[in-house]
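This report concerns only the one structure given below.
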Amino acid sequence: MLFCGVDWAADHHDVCLVDGDGAIRWRGRIAHDPGGIERLREAIAAQEVDPAKVCVAVEISHGLLVGALVEAGYVVYPINPKAAERFRDRRKPSGGKNDRLDAEVLAQAIRTDRASLRALLPDSPLANEIATLARDRHSLVREQTRLGNQLRSALGEYFPAALIAFDLAADSTIAFLERYPTPEAAAKLSAFQIASFLRARRANRDLAAKAAAAKEAFRAPALRARPEIVRAKARLVRVICAQLRALPPELAAYEHELERLLKTHPEGELFLSLPGLGTILASRVLAGTGDNPSRFRSAPGLCAYAGTAPIVLQSGKRAVVKARSACPKEFRDAVQQWADQARRHSPWAAEFYRRHRARGHNHNESLRALGNRLLELLFDLRRKGVRYDEAVHAANIRWAA
């Protein structure tokens, strides 16, 4: 066998090849382009080893480099950066670090600790597309939250009355701030003009009361920012509002596409049948688990990967149970949200959550425990190839009790 360590960077990668005895067979730096990948393939081919017996360790789990390595037929092992740091400490206790050393450390780590590491098993193209769309949509949702916070901060610096008058999450508020981004412009409006504006933006609930309250907030005595600050911040608010206005239709388009793809995925109906999983959460959970049946050998392995299974720190007679932090954060967040939705839609999930709260566990601890149970259920359903049935599961719970 041949073991390869790749220290990843944006435009180049340091590579080290070692044999089964740990002897270095080749070192080099390759470019992040087809020529660089071809150079690596030639270096590996020169060792006269079957590509299927080449194990590659790299600190990323997806991207163009990983795709090229998988396509070449190598067995790729994504190494958590924290784990890579621990491997480096084993070989360099002094704390020294450079790219050549990191590549060698990864190669030696995959040689000595391969049995405890998880190989990257490729998913189907459909699952890859769903996972990519789900991750990108979630990034856009985070960006939407960031822009909302930035808008709130900007208004607080020169136009705090807008924070009192309107709900910043409303589309009509974004449109209003684009049209009237300064306190002076808003203060000139009558209650009738404000109500007419809101009505034109389909904000039809309690228009008269909202308009009267907004007018009062705009004309109430308040601290005033200097004119140059108002002009500068008004420009920023218009830019933020334009971005916020563009996001909702794009997010809806993402959801529509994910819904279409889930309907064509062989396990799409299974995921959507589970309590608390709609299109978005089902896509994120599928992105976290993948659809390669060989990826997880057991339910505890899946739960540990997702971060819902706790870890035990034991020394002598002392043992401490802690939440697991070494896990894909986006997947853990998706399972946490899934558990929160499941307890609102499923009686047994609600009872499971209630019992954990009654034992003194806080909200997040109880959701992690429920998420752990849901992942076990998902693993079992996928293994059997059947959809979830609330009545069947409730009967199983009663029988087990």
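The values are calculated or read from the model by the stated rules, or taken from the named source; none is laboratory data. Fair warning: this is a prediction, and the values are worked out from it, not measured in the lab. Note that we place each Cβ from the backbone using ideal geometry, even for glycine, and neighbour counts take in every protein chain shown. When the accessible area is computed, the model is the full protein with side chains, heavy atoms only, and any ligands, DNA or RNA have been set aside. Shrake-Rupley method; radii C 1.70, N 1.55, O 1.52, S 1.80 Å.
Over the stretch 341-401, what lengths in whole Å, largest first, do the semi-axes of the equivalent ellipsoid take, defined as the square roots of 5 times the eigenvalues of the alpha-carbon gyration tensor?
Details: eigenvalues 92, 34, 20 Å².
Sorted largest first and rounded, they come to 21, 13, 10 Å.
The Cα atoms of the stretch 305-373 cover 43, 28, 15 Å along the three principal axes, with the biggest extent listed first. Per q in 0.12, 0.20 1/Å, what log10 I(q)/I(0) does a Debye calculation on the alpha-carbon atoms of the stretch 1-142 return? One equal scatterer on each Cα of the stretch 1-142 leads to -0.49, -1.21. Filter the trypsin sites (Lys or Arg not before Pro) in the stretch 217-253 down to the DSSP loop ones having no more than 15 other Cβ atoms within 10 Å, then list what survives. Sparse-neighbourhood loop trypsin sites (Lys or Arg not before Pro): 224. Other residues with beta-carbon under 10 Å from the beta-carbon of residue 55 carry, at +1 per Lys or Arg and -1 per Asp or Glu, a net charge of +3.
Hey, could you get me the Stokes-Einstein D for the stretch 218-272, Kirkwood radius over alpha-carbon pairs, 10 °C and 1.306 mPa s, rounded to whole µm² s⁻¹? Mind showing how you got there, number by number?
Numbers: Rh = 15.2 Å.
D, rounded to a whole number, is 104 µm²/s.
What is the diffusion coefficient of the chain in µm²/s, taking the Kirkwood radius over Cα pairs and the Stokes-Einstein relation at 4 °C with a viscosity of 1.567 mPa s?
Details: Rh = 25.4 Å.
In µm²/s, the coefficient is 51.
In sequence order, the stretch 60-65 has phi-based couplings of 10, 10, 7, x, 5, 5 Hz under the Karplus curve 6.51 cos²θ - 1.76 cosθ + 1.60, θ = phi - 60°, and Gly or Pro positions carry x.
What is the percent of Cα-Cα separations in the stretch 290-331 that go past 16 Å? Walk me through the intermediate numbers first.
Values: 403 of 861 pairs.
Within the stretch 290-331, distances greater than 16 Å cover 47 percent of Cα pairs.
Counted by Cβ distance under 13 Å from residue 188, the other residues give a net charge of +2, where Lys and Arg count +1 and Asp and Glu count -1. When the surface is traced with a 1.4 Å probe over the full set of protein chains, residue 21 keeps roughly 140 Å² accessible. Accessible surface for the chain, divided over its residues, is 54 Å² per residue with a 1.4 Å probe. Placing one identical point scatterer on every Cα of the stretch 173-235 and ignoring solvent, what is log10 I(q)/I(0) from the Debye formula at q = 0.18, 0.20, 0.21, 0.25 Å⁻¹? Values, matching the q order: -0.66, -0.79, -0.85, -1.09.
Looking at the stretch 23-108, the trypsin sites (Lys or Arg not before Pro) that sit in a DSSP loop and have at most 15 other Cβ atoms within 10 Å of their own Cβ are 97. Computed over the alpha-carbon pairs of the stretch 141-192, the distance histogram in 5 Å steps reads 4, 19, 31, 28, 11, 5, 2, 0 percent, short to long.
In order along the stretch 142-156, the Karplus-derived 3J(HN,Hα) couplings, from 6.51 cos²θ - 1.76 cosθ + 1.60 at θ = phi - 60°, round to 5, 5, 4, 5, 5, 5, x, 5, 5, 5, 4, 5, 5, 5, x Hz, and Gly and Pro are given as x. Here the accessible area of the chain is 52 percent carbon and sulfur, with a 1.4 angstrom probe and all protein chains present. Phi angles of the stretch 175-188 translate, via the Karplus equation with coefficients 6.51, -1.76, 1.60 and θ = phi - 60°, into HN-Hα couplings of 5, 5, 5, 5, 7, 10, x, 10, x, 5, 5, 6, 5, 7 Hz per residue; Gly and Pro are given as x. Below 15 angstrom from the Cβ of residue 346, what's the summed charge of the other residues (Lys, Arg +1; Asp, Glu -1)? Around residue 346, the surrounding residues sum to +2.
DSSP loop GluC sites (Glu not before Pro) in the stretch 1-97 with at most 13 other Cβ atoms within 10 Å of their Cβ, which ones? Walk me through the numbers on the way to the answer.
Details: sites: 38, 42, 48, 59, 71, 85; in loops: 48, 59.
Filter output for the stretch 1-97: 48.
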